[in-house]
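Notes follow the structure.
The values are calculated or read from the model by the stated rules, or taken from the named source; none is laboratory data. Owing to the predicted nature of the structure, the values given are computational and were not obtained by experimental measurement. Note that each Cβ is placed from the backbone with ideal geometry, even for glycine, and that neighbours are counted across all protein chains shown.
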């Protein structure tokens, strides 16, 4: 095999096939690398209790050295583990951030410690790539202003021409939420909001990994057992891309009340499918779907307001259609995965 023009080693944590947005981003870059004259290979820290994975830094650097890369890409999920490493590659390093320093979904103590470690590493890299304008703004507030925004693509898997499925049942609208069961995703608050809707208003479809956080899974299941929700929620668990695309096509409204979404790939996918999106006025959502233009926002934690926004769209099919059409039009301005890969690899070439 002829040597690729650019060899990239991407340092991450655990299994690159993990089903979250950041891992998916890197898999897509690896898949699209050959079209951009590149080859991308992974070097992973083993998943250990924080910060024990730092002990494996030398092994990770050894893997990178064996790959002989022209440039190293460092996933933000693994950055802190290299803060105390005495080793640093001869090749330039670019950090690829899908989360702010300190990460997300952690307690306050770990967040503070990891933030300090992450920032120490980011001061050593040649370039910082971030996944959203929202994340770029957060980095700028912490002193990292020279960032390159390379968002995920918003492609949706192709859907067959088979007839639509009955996702509404006896209800006026079908709601779709695509998210792993994690506290910041707001699944519990969403269920509380759906419970406030009148009977026959909507059926909610939940797609995502239900085992991502055992304690939170228990809280979600407890809410699902309430009388107000019996028969009104369909759990799909993890689904392949074509089945998720079918739900995007057949449902009426996308809702994800996430408190902290650095990008929100599923928002973009829902918009590309022509769905109005509903969520908290937080994270990157206001950058993607503007209130009353492509979606509706409620203040974080205001469950009655979230229910009211949902009911407005459920009761007004014309408004749903208008916001959905605007969402699809705006999604056409978002980059595809091909666009993002071109920018990603062009940025890496700049620092070689």
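Any idea which of 11, 77 is touching a helix residue (DSSP H, G or I) at 6+ places or on another chain (Cβ under 8 Å), under 21 Å from residue 102 (Cβ atoms) and assigned to a loop (DSSP other than H, G, I, E, B)?
77
Out of everything in segment 14-24 that is in contact with a strand residue (DSSP E or B) (Cβ under 8 Å, 6 or more places away or on another chain) and part of a helix (DSSP H, G or I), what residue ends up being surrounded by the fewest Cβ atoms within 10 Å (Cβ to Cβ)?
23
Out of the residues in segment 211-247 that are free of Cβ contacts under 8 Å to residues at least 24 places away in the same chain and assigned to a helix (DSSP H, G or I), state the one that is farthest from residue 186 (Cα to Cα).
The selected residue is 243.
Among the residues that make up segment 238-257, is at least one of them on the phi > 0 side of the Ramachandran plot and touching a strand residue (DSSP E or B) at 6+ places or on another chain (Cβ under 8 Å)?
no
Checking the condition touching a strand residue (DSSP E or B) at 6+ places or on another chain (Cβ under 9 Å) and under 25 Å from residue 186 (Cβ atoms), which residue from 77, 104 passes?
77
Any idea which residue in segment 227-240 is modelled with the lowest pLDDT, counting only those that are surrounded by fewer than 13 Cβ atoms within 10 Å (Cβ to Cβ) and under 18 Å from residue 181 (Cα atoms)?
Filtering segment 227-240 for residues that are surrounded by fewer than 13 Cβ atoms within 10 Å (Cβ to Cβ) and under 18 Å from residue 181 (Cα atoms), the one modelled with the lowest pLDDT comes out as 240.
Can you confirm whether segment 189-204 contains a residue that is over 25 Å from residue 315 (Cβ atoms) and touching a strand residue (DSSP E or B) at 6+ places or on another chain (Cβ under 8 Å)?
no
Please work out if residue 163 is touching a residue at least 12 places away in the same chain (Cβ under 8 Å) and part of a loop (DSSP other than H, G, I, E, B).
Against the criterion (touching a residue at least 12 places away in the same chain (Cβ under 8 Å) and part of a loop (DSSP other than H, G, I, E, B)), residue 163 does not qualify.
Every residue in segment 304-320 that is over 23 Å from the mean Cα position of the chain (by Cα) and closer than 16 Å to residue 188 by Cα, please.
Once the filter is applied, which keeps residues that are over 23 Å from the mean Cα position of the chain (by Cα) and closer than 16 Å to residue 188 by Cα, segment 304-320 yields 304, 305, 307.
Looking at residue 254 and the list (1) modelled with pLDDT of 95 or more; (2) over 30 Å from residue 10 (Cα atoms); (3) over 16 Å from the mean Cα position of the chain (by Cα), which single condition is not satisfied?
The one condition residue 254 does not meet is (3).
Tell me yes or no: at least one residue of segment 66-76 is closer than 22 Å to residue 49 by Cα and modelled with pLDDT under 95.
No, segment 66-76 has no match at all.
Only one residue in 200, 153, 169 is assigned to a loop (DSSP other than H, G, I, E, B) and under 30 Å from residue 106 (Cα atoms), so which one is that?
153
Return yes or no: is residue 175 in contact with a helix residue (DSSP H, G or I) (Cβ under 8 Å, 6 or more places away or on another chain), in contact (Cβ under 8 Å) with a residue 40 or more places away in the chain and not in a helix (DSSP H, G or I)?
Criteria met by residue 175.
Taking only segment 79-95 into account, find how many residues are under 25 Å from the mean Cα position of the chain (by Cα), in contact (Cβ under 8 Å) with a residue 60 or more places away in the chain and under 26 Å from residue 37 (Cα atoms).
1
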